[in-house]
């Protein structure tokens, strides 16, 4: 979400709007949902004039190791992935619904993967989304957001092959020198692939949370600390009516970064994150970049 420090209805682009899908899941399986968010992601206004935001996310993960089923880090199953999310968001409020803000957005993913001696890239899923929020007081924000991820991509290896709904609650609290943002959500997927004489699978439900604690060091720079967590249930084999053994996943990642408020209309956020615990996932050893422009 935008870091919209909403004084006298002035909107400044200190951070971005709403989503941050971890990435195209099939290409970047280790990434935690919404891992790309920064500080002030959900610092949002109410009773404002409509405005638009263009956001470019980018992240790269150099996973030389992976976590096995017992949680041990092993030197196998890694990959190098680069993912981009290009997002357009329209923000608006309605006189008939005072003190509530709304956002409507469209996201296009792109990915490049280097793994197992192969390299490939292309456009990934297209993701429409919606969010609504209110402010319990002048310093806080509370709301929800929901997105629908399509199963297709320009390459079969980049496609998720699932229709996926991602819904979460969001919050923000602002102090004079600090900020605290976060979300708590879940993903529910339904497979779009049903091939004759082949097994049909149902993806396990995921729960995730992302927390950002920032220090307002100056009007230009804001260092921050990041916490990301995700837990995903096992893959269910609909043909055999049983779960696939050792297919559930879990990951916790910590990171630090800095946000630069370039102007009232633009910002740049940089961050590094690394896994501290996991199960059945490649490690996170990732850098994140986010650029925001509003008009």
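Read-outs throughout are calculated quantities, based only on the coordinates presented, and are distinct from any laboratory measurement. Since we're looking at a predicted model, the values are computed, not measured. Every residue, glycine among them, receives a Cβ derived from its backbone with ideal geometry; neighbour counts consider all protein chains shown.
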_Being on the phi < 0 side of the Ramachandran plot and in a strand (DSSP E or B): is that true of residue 247 here?_
no
*Could you tell me whether any residue of the range 142-159 is more than 21 Å from the chain's Cα centre (by Cα), surrounded by 14 or more Cβ atoms within 10 Å (Cβ to Cβ) and assigned to a strand (DSSP E or B)?*
no
*Can you name every residue in the range 91-115 that is over 24 Å from residue 59 (Cα atoms), surrounded by fewer than 22 Cβ atoms within 10 Å (Cβ to Cβ) and either in contact (Cβ under 8 Å) with a residue 12 or more places away in the chain or in contact with a helix residue (DSSP H, G or I) (Cβ under 6 Å, 6 or more places away or on another chain) (or both)?*
92, 93, 98, 99, 100, 102
*Residue list for the range 266-295, filter: free of Cβ contacts under 8 Å to residues at least 24 places away in the same chain and surrounded by 21 or more Cβ atoms within 10 Å (Cβ to Cβ)*: none
*Within the range 251-265, how many residues are in contact (Cβ under 8 Å) with a residue 40 or more places away in the chain, surrounded by fewer than 17 Cβ atoms within 10 Å (Cβ to Cβ) and assigned to a strand (DSSP E or B)?*
1
*List the number of the failed condition for residue 124; all other conditions in (1) assigned to a strand (DSSP E or B); (2) crowded, with 19+ Cβ neighbours inside 10 Å; (3) out of contact with any helix residue (DSSP H, G or I) (no Cβ under 6 Å at 6 or more places or on another chain) hold.*
(3)
